[in-house]
Structures are given as C-alpha cells and as structure tokens.
Amino acid sequence: MLPAKIALNWLRYLKGVVFLLALLPLARLLVLGVLDRLGANPVEFVLRSNGTSALTLLLATLAITPLQRWSGAGWLLALRRMLGLFAFFYAVLHVLSYVWLDQWFDWHAIAQDVMEHRYLLVGLLAFLLLIPLALTSTDGMMRRLGNRWRPLHRLVYLAGGLGVVHYLWLVKKDLTLPLAYGVVLGLLLAARLYPARRRSDVMPS
Amino acid sequence: MLIRKPTDIPPSEITPRAVYRARRRFLLAAGAGLAASLLPAAAAGVTVQPQVRRKLSPIVRGPYGTDEKLTPYEYVTTYNNFYEFGTGKSDPARNAGTLRKSPWTVAIEGEVKKPKRIALEDLLKLAPLEERIYRMRCVEGWSMVIPWVGFPLAKLIDWAEPTGNARYVEFVSLADPEQMPGVRVPILDWPYTEGLRLDEARHPLTLLAVGLYGEALLDQNGAPLRLVVPWKYGFKGIKSIVGIRFVERQPVTTWMRASPREYGFYANVNPEVDHPRWSQATERRIGEGGLFNRRIKTLMFNGYAEQVGQLYSGMDLRKYF
C-alpha cells in the first residue's frame, strides 16, 4: 500500500522522476529520428506515437484521484497537474504533427478532412476541450475560479472519452488497442463513483 | 523557548529501516513500470525473420513500366498489410518465414472445362517471367513503386479453359493457423478471398506475381504466388493464392464482408470517391523525404486510366466503388 505521507524532499525527487519519464516518448522519437530509424512511414509513426502518448498520459492523470482516494496518499495529487499538462503537451505535438508533417498547413485539405471524417472531428473536439483545462491549471487560476474550477475540470472525462472514440474510429479492423484504452478509461471513471475511504481507515492509529 | 533535543523524537516517528527500504523499492518499481508502459514494445526498426532469398531467372523486361523512383527493398519487405501474419505493418516481416512453399499447388475450380490442380513449378512454365514496375496504392493512403516479377494472369486463364458461363474469377488465400499466426484470431473471415471481373482478370496489366526485385517473393509479400492489379487498391492483390475459381455471379470478397460500406467489389483507385476513414485525394509515397515527405496527388485508376478506363465506360464509379 502507498504510504499516507512522504517527506517533502522525497516528493520533489518523485516529481523530477515522473517529469523525466513523461519526456521519454518524445526522447524516443528524437533518438529514432536522428538515427533515421522511424521506419517506412515516419510521418505516420510520429503522428501515432504522439497520439498514443497523449492518451496514455491522460489516463495516467485520471488514475491519480482514485488512487489517492483509496490509499489516502494525499501527496499523489501533487503529480496530477504535471501529468495532465504532459497529456496536453503530447496532444499539441499530435495535432502539430498532423497539421504540419501530414498536411503541410494545407488548411483547405485539413478542413475537408475534418468535415468528412468523423474520427478527426471527435479528435479535434477532444483537443479543444483540453485547451481551457491547460489554461486554468495554474494556482492563480484555481484561486480565481474557486468553486467553478472543479466542474470545469470535469471536462477531462469527456475529453478522455472522445480521445478513445477518435482512436476506435480511426483503426481499420483490429480494435484491440483502442478497446483496451476504453476499458481502462471506463474503470477509472467508474472508480470515481465509489465513496472515498475515510482517513481513519488509512492512518495507523 | 523550548528546544527539542534529538532524543525528544518519539520512536514511533522514526521510519523503520525495513519500511523506508520498501518505499524506495516501490518508487523504483513504479518508475520502471511507468517507463516500460510509455515505451511501446518495439522501435520502428523491424527485426526481420531470416528467410532464404532466391534469385529468379531468366526474367525478361515487361512491356509496362514507370520511370518513378523504386521504393527501397527494405520498405517493400517490412511495411506490409498481411493480416494472416498480424495486423501491424511490421508484423508480417516479423512473423512470416513460416510458410511451407514447396510443395505448393493451386486448385482451379468452378466454371472450367475440367477442374484441376497445378503445382507451382508447372505454373511457372506457362509463360516467361517478366519484370513489371508498377505503382501500388494502398486504401490507407500510402503508395510504393515496386518491380514485380511474374506473368499476365491471362496466360493462366487460357490454360484453365473457363466455360462460357464464367464471368468472374474468385481467388482464395491459404489459411493455415499452423503456418500463419494471424489466422488463429478471427479478425477477418478466413480464408481471405478476392475477386475480379473476367475482363479485368484478362487485362494485360493484371499480373500473377512470384517475385520482386528479381527475387522470389518473401512470405510477407505473399509468397509464393500473389495477384497484382495496379489500378486497384492494394487489398485486391490477394497473397499466397491456393485457389482460383471461375464463377458466374459476382463474388463477395473478404473486405466486403468485413465492412460493405467501406469496401466495394471494384476498389478501383479513385481520388474522387472518398473512403469513410481516409481521404483518397492524396497519398504518401513510402520511403521518400523522411519526416518531410509531402503528400502527392492520387491519380485516377492509379495513373493507369489510359489502359483500363474503357473497362468501366458508362459505369457510375461512385456506386460501384
């Protein structure tokens, strides 16, 4: 079981480790790119890698709250914002690789692509939903929004759902991976329906 | 002022060695686990199953070609759609190499004078091997330029002697779960089948391929015998053929069964008819430009309109997609 408390310097160390780990997918792309090992279809490879990283980190972000509630480890919350911002970071890279590497800023082709293909429409919607969340993630914005911050940030559930649907609709036949992401997302959302464990259950008396 | 001496710290506040060690182990394990989950199993580079590469000869130069740059051999043999060996692009190269290509026979059935079986060696004697450099356009929006080795399917059709009732040709792939790991998963309705109208099958561009780049086909490319129909999307090019059936009515192909809205019988390359998932107006040529590879315009009938356009005159290509 997770410890209920950890020392502040340990938390700082942990945040550093998580920060570096979250940069690994990008580092991998850079290394493979420099070594010219991105395969037969490098553009598709980069596009997919960033998309997968965004979704993975979004699920990691959504895992924090249930994990914290069950274990009583309050310090976990200190990681949530960073993971969420990394999910947004990879979503930006994902959209950028589509707009730049895949379409070369051909806005006419992009508009047509999005209007005609529903998986792109829901993907775009998921990305747009993440923008206000990233913008209001600072301490200042949290204070300013007060009671409205929580309901606003529940939009992340919708963004996660749309992200999974985007993935589900884009694959040709083999639905294994998108379904796996869907199941994990479903479990993480269902976990929120259970009442939080009381503090006294967790703390050794 | 109360100054606490170190001895004032109650023993209960001090973390026992075993506990903090366990914590450190947990953090390390958690970190390693997260790292592993973020790094997809394989890098883009593909480990290819060792297979015997066999030169084919003699090969004569075929009447059709293109002066476009050939797609590097490395990509032609590692970026494949062959669900019998897995659904990922690099799965076939990784899992293939298990096909038993000798002996290999093809059953000729249906509306023919006499059903018969032909061994691969005998099939190769039906016509001289030609090299044909064709563009290949996948329905997913990428394309290659491949130097195939084979002979016109028409030569085999002549030998098969179809009856007057034959209007379509149906092709059947091998579906042996022992040799093909992908077949153990019901991702498609096995065996894979494809079909052509008889006049399409007899068209001089339609190739029965046994090799590429001057060598016998590797398993991932559809060894030992596959179809190449350059004006149609790649999935029409059925691989590892074991059966050819002449029929009166239009056959239902594997992809039509899987999703009739997305895949039609004709599947002619057509930039004006979009697929629900992929725009067909443009394509990406594999192996060119790395990350800065720009999409190119897709041509009607993949650039073979002059040769095959008359096969479809008067047909609504939006309806018969």
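The values are calculated or read from the model by the stated rules, or taken from the named source; none is laboratory data. Keep in mind that this is a model prediction, so the values were computed, not measured. A quick note on method: Cβ atoms are made from the backbone with ideal geometry, for glycine too, and the neighbour counts reach across all protein chains shown. Protein only, heavy atoms only, side chains kept; ligands, DNA and RNA dropped before computing areas. Shrake-Rupley method; radii C 1.70, N 1.55, O 1.52, S 1.80 Å.
In segment B:77-100, which residues become less accessible by 50 Å² or more once every protein chain is in place, relative to the chain on its own, using a 1.4 Å probe?
Flagged in segment B:77-100: B:Tyr79.
Taking the dipole about the Cα centre of the protein assembly as shown, with the C-beta of Lys and Arg at +1 and of Asp and Glu at -1, give me whichever of A:Thr138, B:Pro230, B:Tyr192 is farthest to the positive side.
Among A:Thr138, B:Pro230, B:Tyr192, the one farthest towards the positive end of the dipole of the protein assembly as shown is A:Thr138.
Grab the beta carbon distance between B:Arg117 and A:Leu135, set R0 = 60 Å, and tell me the FRET efficiency rounded to 0.05. Each step should come with its number before you reach the end.
Working: r = 69 Å, r/R0 = 1.15.
E(calc), rounded to 0.05, equals 0.30.
So which lysines pass the test for B:Lys55, namely a Cα distance under 19 Å, with those fewer than 8 places away in the same chain ruled out?
B:Lys101, B:Lys125
Setting aside same-chain residues fewer than 8 positions from B:Lys232, which lysines have a Cα under 23 Å from its Cα?
Cα-Cα hits under 23 Å: A:Lys172, A:Lys173, B:Lys69, B:Lys89, B:Lys155, B:Lys297, B:Lys319.
Taking each residue of B:288-298 in turn, how many C-beta atoms of other protein chains fall within 10 Å of its C-beta, and what is the average? List each step's numbers first, then the result.
Details: counts 0, 2, 5, 11, 5, 7, 6, 6, 0, 0, 0.
What the average comes to for B:288-298 is 4.
If A:Lys15, B:Lys125, A:Lys172 are ordered by their accessible area, calculated over protein heavy atoms with a 1.4 Å probe, which sequence runs from highest to lowest? Walk me through the numbers before you get to the answer.
On the way: A:Lys15 75, B:Lys125 150, A:Lys172 35 Å².
Order by accessible area, largest first: B:Lys125, A:Lys15, A:Lys172.
How many times 2.2 N^0.38 Å is the alpha carbon radius of gyration of the protein assembly as shown?
1.21
Along the Cα-to-Cβ line of B:Ile296, 7 Å from the Cα, sits a label point; which residues in segment B:204-240 have backbone N less than 18 Å from it?
Only B:230-234 pass the distance filter.
Are there any residues in segment A:106-148 with a reduction of at least 40 Å² in accessible surface when going from the isolated chain to the assembly of protein chains? Probe 1.4 Å, please list them by number.
Correct list: A:His117.
Using the Karplus curve 6.51 cos²θ - 1.76 cosθ + 1.60 with θ = phi - 60°, work out ³J(HN,Hα) for each residue of segment B:275-287 in order, rounded to whole Hz, and write x for Gly and Pro.
Karplus-based 3J(HN,Hα) across segment B:275-287 equals 8, x, 9, 10, 5, 9, 6, 10, 8, 10, 7, 5, x Hz.
What residues have an amide H closer than 5 Å to that of B:Glu215, excluding those fewer than 5 places away on the same chain, when H is modeled at 1.01 Å from N in the peptide plane?
Answer set, sorted by chain and number: B:Leu56.
Just tell me which aspartates and glutamates come within less than 14 Å, Cα to Cα, of A:Lys5; anything on the same chain fewer than 8 places away is out.
B:Glu13
Amide H of B:Tyr192 versus every other amide H placed in the peptide plane: which residues, excluding those fewer than 5 positions away on the same chain, fall under 5 Å?
Long-range HN contacts for B:Tyr192: B:Ser173.
In the full protein assembly as shown, how much of A:Arg148 is accessible to a 1.4 Å probe, in Å² to the nearest 10?
In the full protein context, A:Arg148 sits at about 150 Å².
Total Å² of accessible surface buried at the B-A contact, 1.4 Å probe, nearest 100?
Values: alone 17120 and 13090 Å², together 26660 Å².
Approximately 3500 Å² gets buried when B meets A.
Of the accessible area of the protein assembly as shown, with the probe set at 1.4 angstrom, what percent is carbon plus sulfur?
Working: 16360 of 26660 Å².
Ligands and nucleic acids excluded, carbon and sulfur give 61 percent.
What is the helix-to-structure angle for A:118-135, meaning the angle in degrees between its Cα long axis and the longest Cα principal axis of chain A, kept from 0 to 90 and rounded to the nearest 10?
Approximately 40 degrees, to the nearest 10.
Quote the FRET efficiency, to the nearest 0.05, computed for B:Ala107 versus A:Leu158 with a Förster distance R0 of 56 Å and r equal to the Cβ-Cβ distance. Show your work: numbers first, answer last.
Numbers: r = 54 Å, r/R0 = 0.97.
Efficiency, from the Cβ-Cβ distance: 0.55.
For segment B:250-321, which GluC sites (Glu not before Pro) pass both filters: DSSP loop (anything but H, G, I, E, B) and at most 13 other C-beta atoms within 10 Å?
Working: sites: B:Glu262, B:Glu272, B:Glu283, B:Glu288, B:Glu306; in loops: B:Glu262, B:Glu272, B:Glu288.
Of the GluC sites (Glu not before Pro), the ones in loops of segment B:250-321 whose Cβ has at most 13 other Cβ atoms within 10 Å are B:Glu272.
Counting only heavy atoms of the protein chains, get the accessible area per residue of segment A:4-191 (1.4 Å probe) and round it to a whole Å² value. Each step should come with its number before you reach the end.
Values: 9600 Å² over 188 residues.
That works out to 51 Å² for each residue.
Ordered by residue, what ³J(HN,Hα) values in Hz, to whole numbers, does segment B:107-118 give under the Karplus form 6.51 cos²θ - 1.76 cosθ + 1.60, where θ = phi - 60° and Gly and Pro are x?
For segment B:107-118, the Karplus curve yields 8, 9, 9, x, 6, 10, 3, 8, x, 8, 10, 10 Hz.
Leaving ligands, DNA and RNA out of it, rank B:Arg226, B:Arg94 by accessible area with a 1.4 Å probe, largest first. Numbers along the way, then the final one.
Values: B:Arg226 10, B:Arg94 80 Å².
Of B:Arg226, B:Arg94, the descending order of accessible area is B:Arg94, B:Arg226.
How far is the Cα center of segment A:55-103 from the Cα center of segment B:239-302, in Å?
37 Å
Kindly express, to the nearest 10 degrees and within the range 0 to 90, the angle between helix A:155-170's C-alpha long axis and the longest C-alpha principal axis of chain A.
40 degrees
Between helix A:107-116 and chain A, what is the angle of the helix's C-alpha long axis to the longest principal axis, kept within 0 to 90° and rounded to the nearest 10?
Around 70 degrees separate the two axes.
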